[in-house]
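A short write-up of the structure that comes next.
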Amino acid sequence: MDKLLLSSINTASRLIQDGTITSLDLTNACLSQIRKTKKFNAFISVTDELAKTQAERSQQRCRENNQSELEGITVALKDNFCTRGVKTTCASKMLENFVPPYNATVYQRLLDKGAILVGKTNMDQFAMGSGTVDSIYGPAKNPWNFKEDDDFYIAGGSSGGSAVAVATGTCFGALGSDTGGSTRNPASYCGLVGLKPTYGLVSRYGLIPLVNSMDVPGILTRNIDDCVQILNVIAGHDHNDSTTCPKPHRKIVLPPAKQMSIKNLKVGIPKEYCCEGISNEILDTWNEVANLLEDSGADIKEVSLPHTEYSIVCYSILNQCEVQSNMARYDGIEFGYRANENSSVEKLFTQTRSEGFNEVVRNRILAGNYFLLTRNYEKYFSKAMKVRRTIVNDFYKVWEEVQILLTPTTLTTAPLYSEFIKKTNRDQCAYQDYCTQSANMAGIPAVTIPIKLSRVGMPISLQLMGRNLSEPMLLAVAKFIEHAVQFPKYSLGNS
Amino acid sequence: MNITSPSVFKMLIKRKLFKKWQLLRCIKYCFVHTNKTKWQSVVGLEIHAQINSKSKLFSDASTDFAGYVNSNTSLFDAAIPGTLPVLNKQCVKAGVLTALALNCQINSISMFDRKHYFYSDLPAGYQITQQHLPLASSGHLEFQVFNPSIHKIPYSTKVRLKQLQLEQDSGRSLHAEDVSLVNLNRAGIPLMELVFEPDLKDGEEAAALVKELLIILKRLNTCSCKMEEGSLRVDANVSVNRVGEPIGTRTEIKNIGSIRGVASAVTYEIQRQIDTINAGGSVTNETRAWNAVHKTTVGMRDKEEKQDYRYMPEPNLPPLYVALNSLQRGCVNVEELKVTLPELPHQTRKHLMDKYGLTPVQAIILVNENDLLELFTSVKSKDTETDYCLVANIIINDFLSLVHKYEMELENVPFRGEHLGEIVELLQGRIINKNTAKLVIQEILNGSKEMPKSIIKEKNWTLMTNKELETLCNEVIEENSKIVKQYKAGKTKVFAALLGKIANKSNQRADMKKADSILKQLLKK
C-alpha cells in the first residue's frame, strides 16, 4: 500500500476500476498516512469522517459501474478554498472558526468527478508569504532531508501544506493558490510538479482572495500526467467567476513521453533570470536542462525580459492595494472573529482587526491604504499598473521569438527554517518570488518540474512559461523533461 | 456652471464649452442681476434611482427588500469570503435606456470601481460603483418649470447630466437601545446614480427636474419611482453667492424623499445660507439632513473628518462592453434599445400642443399626472370638431377639483374617457352648460352607474329651449319690476342681478349666453 500511496492517479484508478482495492481502502490508507506524517504539519484540518462518507459513495458508484475520471482519488485543498461544512481558516485567527456555507467551484468539480477530500492544508496567513511559516498552526516542514531535531527545511509557500501533503503520499494531488509563486515555490522545494494555469482558465469562485487580478488555483502533483488529469477536471468557464474564459476547456491529452519530439521547439532563456543570489547548483541545473533540450533538437535562444527587475516592487504595491481592499470585509459583523468590544462599532472594527490579523497582514493593509489615498493614487497604484503593462509587453515581445521559456523556479533550494526566519516577510517574498511572480503579472501559465537533488539532498526544480492558454504545449514539454531527467522518488521510509 | 466674470465668460465661449442655451443662460444672469447685493443660488442634484429588476446588481438574490429580514441576501451580498460579483445584464439595459432618454453619450467601455469605507451595513467594506469610467456621461435634459403658486407662466430650462453610473445599494442598520441589527436585504440592490451639473437656480427648478425625471423613468419602466419607499432618493448641493462673486461654499442635503421635499429643502437651505452670511457668519462645507416635519435642514453629525474613499478598480469584473452599433460586440446593443424608447414627456407635451391645441400650462399639467393624461387621451370623439381645449379644461378645472374635494385617489376614480366624451359632446351641442357638466361629474364620482346622457335626461338637466327661456325671462321681468325700473333708468349694473335670478329660477338649466341676449331684447321693449 505504501508504494501505491506514491503512485500515479492512473495506477490508483486502474486498481479501483478493476476492484483490486476499493475507494474506501485507498482513503483509509491516505488517512493513516496523514496520521503517520503529522510531524510535517501539512494539514490544518483532516476531514476523516467526510472522506469516509465520500469514499463510501464512491464505492457505491463503482458498484453501479458509474465511475468518474477521478473516482476514489484522494485530494487535499489549501485552507483558503471554501468547503461547505468544513472550516476554512486561511491559517488565521480571523477565520479560525469560519465554516463556509458553500463550495468553491474547483472543489465542487473535483467532487463531481469522484475525488475524495482528505483535508485542508497549511499555509501562510491569508496566503501572504513564501514559506508556510506564518500560520497560526505553526510552520509546515519539508519532508526532504528531514531529521528529528529542532531545525528543518521549509516547505515553501504559501501553499506549503499542499506540497507536503502530496510529497508524503497523503493524497494524489492538492490545490494551492498562486498569486506570486505560491504554488510553484513549495512544489519546487518539495520535488513536485506545480502548475499555475493561465489566469481565467480555472475559476476563483470560492478561493479566498489575496490579489484578485493575479490569483489562480494551482495544482500540485507528483507527475505531469496527474496534473493534467486534475486540470482537465477543474478548468473551464464558471458563471460565478466573470473573469474566467468564456470558451469551453478542451481536454488536454498528452502522448507517452517516449513518442514526443521537441525538434525545432523554440526555447528562450531569459537573461534577467540569471540574477544576483542565484545558487550555483540551480544555475548548473538550468544549463544542463537547456543542453538536454538542445541535444533533443530544440532551438535554444537567449532572450530578454527587460522589466523583470521592476516586477517585485510593482507586485508589492498592487498586492498591498488589493489586500487592503479584500481584507476590508473582516470587520467582525457577518462572519469570522469578533473581538469582545461593545462600546462602539468603530471600536469593534478596530479591535477585531488588530486581534484577528497578524503583523504581516496588518502591515500590508496599512501600506495599501496609503498607496490608494487620492493624493497617492497616481504616484503608486497608477504607476504600478503601467509597470505591470510593460512587464506584460515584455512577454508579448518574447513570444515573437520563442514558444516557451525555461527558467529557474526559485533562486535556491529550500532554505533551513532557522535561516529563513531571519529575514522579514517582505524580504522572504521578494527573494523567493523573483522568478515566479512575472507570470502572475502577465497572467501566463507556468509549471515547475523537479529535476534532481542537490548535494545535500534537496530538490532542484526548473520552470517553464508559455503564452496564455498554452497549457497543452507547456505540459507536453514538461512531460518530456520529466521523462528525460527521472527525478528520484521520495521514499516514505524517509519519514 | 456659474458665470462670475466677463473674462471667464469669454474664455468659456472660446473653448466652446458653451452651447447656445448655456449662453442664453449666462446672458440672463449677467443682465438681469446687475444689482451687486442681489443673491444668486446654485443647485445641483445627485439622484439615486433603484433599478427595476428581479435580482440584484451582482447576485441572484431577489430585490424584494421588504421580505423577511436577511432572507433576500445571497452569500455575495453578505460579503462571504471567496464570493464574486456577476453583473446583471438587465440592469445594464435599464441604465442604457435611461441614459438614452437623457441624451447621454453611452460609453462603449465602462469600468467598475471599489469605493471603500467602513460601515456596519456595508459588508464588504466597499461599495462597487462606477467612479472613473461610468456607463454613460455628458447628457442633458430640458424641462418645464411651473408652480402655479409661484410662476405666472411656465418656463423651460436645461440641465446637464455629468454621468450615469451603476452601483450597489448598502444594507440597513437598525439601532435599538443596547443592540444594533443589520438587515442585508437591500444590500446589492441595483442603483443608477445620476449626477447632474449644478445648473439649477432654486428649489422649484430642482423639484421640476425631479418631477420630469420621475415621468421619464416611469415611462421607461427602469425605476418604480416610489419615493415614499426610498426607490428614488435625492441629494442636493446648494450654494449661494452675490452676483459677480465666485460660487459660495456648498452644503449637501442628503436623502430627500419627496418632490415637494426637494423644493422646500432647497428653498430653506438657500435662505438659511443667505441669512447666515448676512448675519456675518459663513457657510461650512457639510452634509445636512432635511427634516420634513419641522421643514428645516440640520447638520448631520460628521462621521469622521474628510473621508478618502481610496477608489480602486474592481478586479473581479472585466470591463463592461456595450455595443454602440450592430458591428460592435457587447453585453447589450444600444441601437436595439434605442428603438424601444417610449414617447418622452417633452414629446408628449409638444404633441398635446401641436395636435390638440392645448396651452403649455394644460400640457404640463396633463403630462405631470399620468392618470389625467390617460383620461385625456381616452376621449374618443366621433367627429373631428371636439374642442380639446375644453376637454383639458374640464379635466383640470372641474374634474380635478372635485376629486380633491372628495379626497379621492385619481387611480380609483370611476370616471373614464367615455363619460368625458359625452359631457364634451353635450357641452359643445349646447345641450348642457358648464355648471351642469360639473354636476354630472359629481354624480358619477358619487357612484352613479349611468352615462352622462342618461343622467341629464333622468334629472331633467338639459338646457331650456329658446321658448322656455323667453317665458322664464318674462316671468323674471314681471317679478322684479323694481330692478327692471332701475335698469331702464340707466343703472345697467343691475342687469347681472336679473341674470342671476334667471339662473336660479332655471335650476341652472338656462344657457346664460342666450339668456343674456333674450333678456336684453325683452328689456328694450
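The values are calculated or read from the model by the stated rules, or taken from the named source; none is laboratory data. What you see is a predicted model; the values in this text were computed from it and never measured. When we count neighbours, we look across all protein chains shown, and the Cβ atoms used for this are built from the backbone with ideal geometry, even at glycine.
Side notes on the structure shown:
- Selection within region A:329-360 - hydrophobic (A, V, I, L, M, F, W, C) and more than 9 Å from chain B (Cβ to nearest Cβ): A:ALA339, A:PHE357, A:VAL360
- Residues (in contact (Cβ under 8 Å) with a residue 40 or more places away in the chain and either more than 9 Å from chain A (Cβ to nearest Cβ) or in contact with a Ser or Thr (Cβ under 7 Å, 6 or more places away or on another chain) (or both)) located in region B:69-83: B:VAL69, B:ASN70, B:SER71, B:ASN72, B:THR73, B:SER74, B:PHE76, B:ASP77
- Residues (within 27 Å of A:ASP295 (Cβ to Cβ), out of contact with any helix residue (DSSP H, G or I) (no Cβ under 7 Å at 6 or more places or on another chain) and hydrophobic (A, V, I, L, M, F, W, C)) located in region A:242-264: A:VAL253
- Residue within region B:66-88 that is in contact with a Phe, Trp or Tyr (Cβ under 6 Å, 6 or more places away or on another chain) and among the acidic types (Asp, Glu) present: no
- Test: residue in region A:186-200 that is farther than 24 Å from A:THR413 by Cβ, among the hydroxyl-bearing types (Ser, Thr, Tyr) and not in a helix (DSSP H, G or I): yes
- First in region B:205-233 and in contact (Cβ under 8 Å) with a residue 60 or more places away in the chain, second anywhere and among the basic types (Lys, Arg) and surrounded by fewer than 20 Cβ atoms within 10 Å (Cβ to Cβ), Cβ under 8 Å, 6 or more apart: B:ALA207/B:ARG260; B:CYS225/B:LYS218; B:LEU232/B:LYS226
- Within region B:504-525, the set of residues being surrounded by 16 or more Cβ atoms within 10 Å (Cβ to Cβ) and part of a helix (DSSP H, G or I) comprises B:MET512, B:LYS514, B:ALA515, B:ASP516, B:ILE518, B:LEU519.
- Any hit, region A:427-449, residues being more than 19 Å from the chain's Cα centre (by Cα) and either without any contact (Cβ under 8 Å) to a residue 60 or more places away in the chain or within 30 Å of A:ASN363 (Cα to Cα) (or both): yes
- Enumeration of residues in region A:1-36 that are within 24 Å of the chain's Cα centre (by Cα) and outside any helix (DSSP H, G or I): A:LEU6, A:SER7, A:SER8
- Only one of A:SER311, A:SER316, A:SER325, A:SER382 that is within 18 Å of A:SER213 (Cα to Cα), without any contact (Cβ under 8 Å) to a residue 60 or more places away in the chain, part of a helix (DSSP H, G or I) and within 25 Å of the chain's Cα centre (by Cα): A:SER325
- The one condition in (1) in contact with a helix residue (DSSP H, G or I) (Cβ under 8 Å, 6 or more places away or on another chain); (2) assigned to a loop (DSSP other than H, G, I, E, B); (3) within 14 Å of chain A (Cβ to nearest Cβ) that B:ARG114 fails to fulfil: (2)
- Tally, over region B:278-297, of residues that are free of Cβ contacts under 8 Å to residues at least 24 places away in the same chain and either surrounded by 11 or more Cβ atoms within 10 Å (Cβ to Cβ) or part of a helix (DSSP H, G or I) (or both): 2
- Scan of region A:361-379 for residues that are more than 27 Å from the chain's Cα centre (by Cα), without any contact (Cβ under 8 Å) to a residue 24 or more places away in the chain and in a helix (DSSP H, G or I), ordered by number: A:TYR370, A:GLU378, A:LYS379
- Identity of the residue in region B:120-131, part of a loop (DSSP other than H, G, I, E, B) and more than 10 Å from chain A (Cβ to nearest Cβ), that ends up surrounded by the fewest Cβ atoms within 10 Å (Cβ to Cβ): B:GLN131
- The criterion of being at pLDDT 95 or above, surrounded by fewer than 21 Cβ atoms within 10 Å (Cβ to Cβ) and either part of a helix (DSSP H, G or I) or within 14 Å of chain B (Cβ to nearest Cβ) (or both) does not hold for A:ASP238.
- Of all residues in region B:218-234 being in a loop (DSSP other than H, G, I, E, B) and out of contact with any helix residue (DSSP H, G or I) (no Cβ under 9 Å at 6 or more places or on another chain), the one that is farthest from B:PHE65 (Cα to Cα): B:LYS226
- Check on B:LYS449, at pLDDT 85 or above and not assigned by TED's automatic domain parsing to the domain that holds B:PRO414: no
So that you can scan it fast, the table gives a plain yes or no per residue for (1) farther than 30 Å from A:THR88 by Cβ; (2) out of contact with any Asp or Glu (no Cβ under 9 Å at 6 or more places or on another chain); (3) among the charged types (D, E, K, R):
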position	(1), (2), (3)
A:ASN287	yes, yes, no
A:ALA290	yes, yes, no
A:ILE300	yes, no, no
A:PRO306	yes, no, no
A:ILE312	no, no, no
A:GLN320	no, yes, no
A:ALA328	no, yes, no
A:ILE333	no, no, no
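- Yes/no for A:ASP433 being loosely packed, with under 14 Cβ neighbours inside 10 Å and modelled with pLDDT under 95: no
- Exactly one residue out of A:VAL211, A:VAL193, A:VAL228, A:VAL233 is within 14 Å of chain B (Cβ to nearest Cβ), touching a residue at least 60 places away in the same chain (Cβ under 8 Å) and not charged (D, E, K, R), and it is A:VAL211.
Every residue, every condition in (1) within 30 Å of A:LEU366 (Cβ to Cβ); (2) not charged (D, E, K, R), yes or no:
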| residue | (1), (2) |
| --- | --- |
| A:ASN232 | no, yes |
| A:ASP241 | yes, no |
| A:LEU254 | no, yes |
| A:PRO270 | no, yes |
| A:CYS275 | yes, yes |
| A:ILE278 | no, yes |
| A:VAL289 | no, yes |
| A:ASP299 | no, no |
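- Some residue of region A:302-316 being farther than 27 Å from B:THR73 by Cβ, surrounded by 15 or more Cβ atoms within 10 Å (Cβ to Cβ), out of contact with any strand residue (DSSP E or B) (no Cβ under 6 Å at 6 or more places or on another chain) and β-branched (Val, Ile, Thr): yes
- Test: residue in region A:65-74 that is out of contact with any Lys or Arg (no Cβ under 8 Å at 6 or more places or on another chain) and surrounded by fewer than 20 Cβ atoms within 10 Å (Cβ to Cβ): yes
- B:ASP275 meets all of the listed conditions (1) in a loop (DSSP other than H, G, I, E, B); (2) without any contact (Cβ under 8 Å) to a residue 24 or more places away in the chain but one, namely (1).
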